[in-house]
Each structure stands twice: as C-alpha cells, then as structure tokens.
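Asks: I have a structure here, written as structure tokens, and I will follow up with some questions on it.
Since every read-out is calculated from the coordinates, none of them should be taken as a lab result. Predicted, not measured: the structure shown is a model, and the values here were computed from it. No Cβ is skipped: glycine too gets one built from the backbone with ideal geometry, and neighbour counts run over all protein chains shown.
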Amino acid sequence: MEMLIGGGIAALTIYAAANWQTNDKKKIVHVFNNLDYKVKDQSPALIKTYKTDVYTTYTYNVPYGLVDDPKLQVLEKVLNRPVKISFTNQKLHIKVYQQKLNKEYPYNVFASKGHWSIPIGMSQDGIIYHDFEQIPHMIVSGSTTWGKTVFMRMFMTHLIENNPDGVEFYILDLKGRLAFNRYRNLKQVKAIVGDHKESAKVLKMVKRDIKKDIDYLLSIDAENAKEGNIKTRKFIIIDEAGELKPEKSMSDEDREYARDCQSVMSYIARVAGQVGYKMIFGTQYPTKEVLDPQIKANAIARVAFRLATSVQSGVAIDQPGAEKLEYKGRAIYKTVDEHLVQTPFISKEEIWERIGRYNNVSPTNETTAERRTDIVEL
Ligand SMILES: Nc1ncnc2c1ncn2[C@@H]1O[C@H](COP(=O)(O)OP(=O)(O)OP(=O)(O)O)[C@@H](O)[C@H]1O
C-alpha cells in the first residue's frame, strides 16, 4: 500500500514537472510576443532544453539585432519561480529553477572548507563560499535589521572555528559596540573599540604592524604572506563605516580622528591584502561619500543585504537589485560573478556554544571592564 502511495506521488511529481515544462515553454513564447521581443516577424527559436533535478535551461537562437533585454526579468513573476537570464553568442539562455530559496538556512548545513574560506550562503546552484586569500577585502552593506550583523558574527565564528590560533580581529564597532561586545574577551579579538579616538589609535597600530610585515617580507624576498610563511591573518571589521566619515557636525578633534581613520583604511585597502590583512567594511549607507574610491576599487567582494534605494544598490554592488531583496538574510554576493544567496543563520547562543571556549575571562567576571581597556590599549 505504501509503495502504491509512494509510486503515485512520484508519478504525480513527474507529471507535474513535465506539465510545468510545457507550460513554461508556452509562457515564455507568450512573453516574447507580448514584450515584442523579436525582429519583424522573426522570433527567438528554441534550439535546446537542458534539464537537471534543480533547473531547466531553455536556449534560444535570437535573430540579429536582438540582445538580452532587462524586460525579460518579468519571466520570474510569470513563471513564479527563480529565473536566471544570460546572453552569449547571439543565444539567449533562460534558466528556470524548480524551487525558490528557503527563507532560512541554519549555519550547520554549511560545511566548512577550512582555512580562510567562509560560507556566503545558499544559492540556487548550491553553497557559495568566499576565500579571503583570493579576495582580501569585502564591503558588506544593508539597511538596518536585514541581516548584516548576523552575517558578520557568522563569519567571525567560522574563521575562529577554522583557525583558532591563526586569526585575529580588530573591531571598530561605531554603533556603540553592542553587536560585538560579547566577544571582547575571546583570545582572537585583539581590539574592540567604539569611538573615533580609539578607532584612530587601533588603525594606526594596525598600520605600524603592516609596515613591519612588509619590511619582513622584503627582507626575505617574499611577495606575500603565504610565501613568507606568515600564518596569522588579521581581520579589521568596521561597522558602521559611515560614522568614520569626517563631518561638520563632529568636534574638531573627532573630525581629525575620522580623517586619520580614512587615511589608514585607504592604506589597508591598497597595500595590506597580500600581507595578510583583510578589511570588512560594513555600512548601512553605501553612498559615494562613505565609500572612498580607493576602498571601493580594492574591496572587490561585495555582499549587499536589502538597501533603501537602487542608487544605494548602485554604489554598493554597481547595479540595482539590492533594494528589491525581500527577506531578512537574503543578499547579493558579487565578485566577478553575481549570486543571489540566503546567508547562513546562526543564533547568539549557537555562536557562544561554538567559540565561547576561547573566552579568556568570564563575561560576568568583574575584571571584564578593566580588561576591555587593556585590549584597547594594545
Ligand atoms: N541569515 C538570516 N536568515 C534568516 N533571518 C535572518 C538572517 N539574518 C538575520 N535574520 C533576521 O533578521 C534580524 C536582524 O538581523 P541583524 O541584527 O543582523 O540586522 P542588521 O542589518 O545587522 O541590523 P543593524 O544594522 O541594526 O545591526 C535577526 O534577528 C533575524 O531575525
């Protein structure tokens, strides 16, 4: 009986899938006609259908004079499933996925690749990873409450789990230090600061270290940290970067500190990647003023959560789209390629279960406040 029911469901699924495909093909033709996606009476001609368990790709020969058209994005709504459209050699490829991404993927479904790779999230084509050894600097943007902080804490956890003795964090949390405060006594967290003066101090210290490391690499004729056998990787996390923009409203002192910070951040972006320093530049206001051109040019990896406007999306990922992200934790990850992902979700409790053992001092211990100053004074 069970077999029968199972068989029945399988048959129904196959029937539904076959039906889907026929319907999809018809709907695509309707869309071509309705959008007038043709040249005179010549319409795109279907030349190949390629099907896997996850998606079906329809390839069309397109008459000369037609290119891919942003209007074709309506297919996603028409077919009510995720669609990826690409155009190569006069051929249009329409990739239709069977299922939408889930609204949440727990952290433990993302296997570790070790070293300096982190999971960025689940895409329609599987898990997307980012390797900080390949691309050292990253801009993480997103309006408040759409997942930026969870993402930053997630990758910090992941890097600590991968390299408990090799990773160091320097955290400039200009939103009052609340998001990272719990981690201030982890042995991997070398500095956590929350104002302009302390930020400038930490960044200057990082710059000194970078210069020392460069001198060392020069002395042994090595081109980068890997070649020079430098095992430590230092991550400078800046959140909110907008707060480090010199403003008229700041006191003269703070404006000066903010200028110092800008200058060191730009230095890190330009020269420090290969020496083993990685900068994560977090902001909820990706504007031209906040994203210094030097930093933007060198932070090739971008993760954008939901943003307020397409203009902000244009600054953050050089294209619109982030203003349309619908769910918390949903992001566009862009390097050379671009992926829509649901980033891993990890709760504060799980983070602590995983990395709490590296805490040097119990957070309830009264010496914490003093120790915090020690860290700043590094
Ligand atoms: N990857 C995710 N998957 C599912 N839900 C998520 C994910 N990330 C965040 N959320 C949900 O969104 C809420 C807000 O996330 P988060 O605190 O990271 O926002 P934020 O953008 O950093 O806000 P702020 O900038 O104000 O700190 C979380 O409490 C959680 O409910």
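Asks: How large, in Å, is segment 151-274 by the Kirkwood hydrodynamic radius built from its alpha-carbon pairs? It would help to have the intermediate numbers written out before the result.
Replies: Numbers: mean 1/r = 0.0648 Å⁻¹.
Taking the inverse mean of 1/r over all distinct Cα pairs, segment 151-274 comes out at 15.4 Å.
Asks: If amide H atoms are built 1.01 Å from N in the plane of the peptide, which residues on other chains or at least 5 residues away come under 5 Å of the amide H of LEU186?
Replies: Residues meeting the amide H criterion: ASN360.
Asks: OK, next. Is the shape of segment 202-334 best called rounded, prolate or oblate, per the rule: a/c under 1.5 gives rounded, else a/b larger than b/c gives prolate, else oblate, with a ≥ b ≥ c the square roots of the Cα gyration tensor eigenvalues?
Replies: Values: a/c = 2.74, a/b = 1.45, b/c = 1.89.
It comes out oblate by the Cα gyration axes.
Asks: State, as an integer percentage, the relative contact order of segment 151-304 based on alpha-carbon contacts under 8 Å between residues 6 or more apart. Write out the running numbers ahead of the final one.
Replies: On the way: 200 pairs, mean separation 38.5, N = 154.
For segment 151-304, the relative contact order is 25 percent.
Asks: Amide H to amide H, which residues 5 or more places from ILE300 or on other chains are under 5 Å from it, using H placed in the peptide plane?
Replies: Close amide H contacts, sequence-distant or interchain: HIS137.
Asks: Give the percent of DSSP beta bridges with both residues in segment 105-376 that are antiparallel, rounded to the nearest 5.
Replies: Numbers: 16 of 43 bridges.
Rounded to the nearest five, the antiparallel share is 35 percent.
Asks: So which of LYS201/LYS348; LYS103/LYS226; LYS91/LYS226; LYS38/LYS324 end up more than 32 Å apart, counting from Cα to Cα? Don't skip to the answer; put the middle values down first.
Replies: Details: LYS201/LYS348 29 Å; LYS103/LYS226 38 Å; LYS91/LYS226 42 Å; LYS38/LYS324 28 Å.
Listed pairs above 32 Å: LYS103/LYS226; LYS91/LYS226.
Asks: Return the equivalent ellipsoid semi-axes of segment 105-376 as a descending list in whole Å, where each equals the square root of 5 times an eigenvalue of the C-alpha gyration tensor. Before the final figure, lay out the partial values.
Replies: Details: eigenvalues 126, 103, 88 Å².
Equivalent ellipsoid of segment 105-376: 25, 23, 21 Å, largest first.
Asks: Across segment 302-317, in residue order, what do the Karplus-derived ³J(HN,Hα) couplings come to in whole Hz, using 6.51 cos²θ - 1.76 cosθ + 1.60 with θ = phi - 60° and x for Gly and Pro?
Replies: Using θ = phi - 60°, the values come out as 10, 10, 10, 8, 4, 10, 6, 9, 5, 5, 4, 4, x, 6, 6, 10 Hz.
Asks: Taking only DSSP H segments of four or more residues, each worth -39500 (n - 2.57), what value at 222 nm results for the chain once the sum is divided by all its residues, to the nearest 500 deg cm²/dmol? Mind dumping the intermediate values first?
Replies: Numbers: 9 runs with 125 residues, N = 378.
Rounded to the nearest 500, it is -10500 deg cm²/dmol.
Asks: Could I ask something else about it? Karplus couplings for segment 229-236 from phi (6.51 cos²θ - 1.76 cosθ + 1.60, θ = phi - 60°), rounded to Hz, Gly and Pro as x?
Replies: Whole-Hz 3J(HN,Hα) from phi for segment 229-236: 6, 7, 8, 7, 10, 10, 10, 9.
Asks: Additional query: Excluding residues fewer than 8 places away in the same chain, name every one of the lysines whose C-alpha is closer than 19 Å to that of LYS204.
Replies: In chain and number order, the partners are LYS190, LYS212, LYS234, LYS245, LYS278.
Asks: Assuming a ≥ b ≥ c are the square roots of the Cα gyration tensor eigenvalues, decide whether segment 203-281 counts as rounded (a/c under 1.5), prolate (otherwise, with a/b larger than b/c) or oblate. Let's see the in-between values first.
Replies: On the way: a/c = 3.65, a/b = 2.43, b/c = 1.50.
Prolate.
Asks: Which order do the peptides 138-145, 227-234, 84-91 take when ranked by the mean count of other beta-carbon atoms within 10 Å per residue, highest first? Each step should come with its number before you reach the end.
Replies: Working: 138-145: 22.2, 227-234: 15.8, 84-91: 13.1.
Sorting 138-145, 227-234, 84-91 by mean packing, highest first, produces 138-145, 227-234, 84-91.
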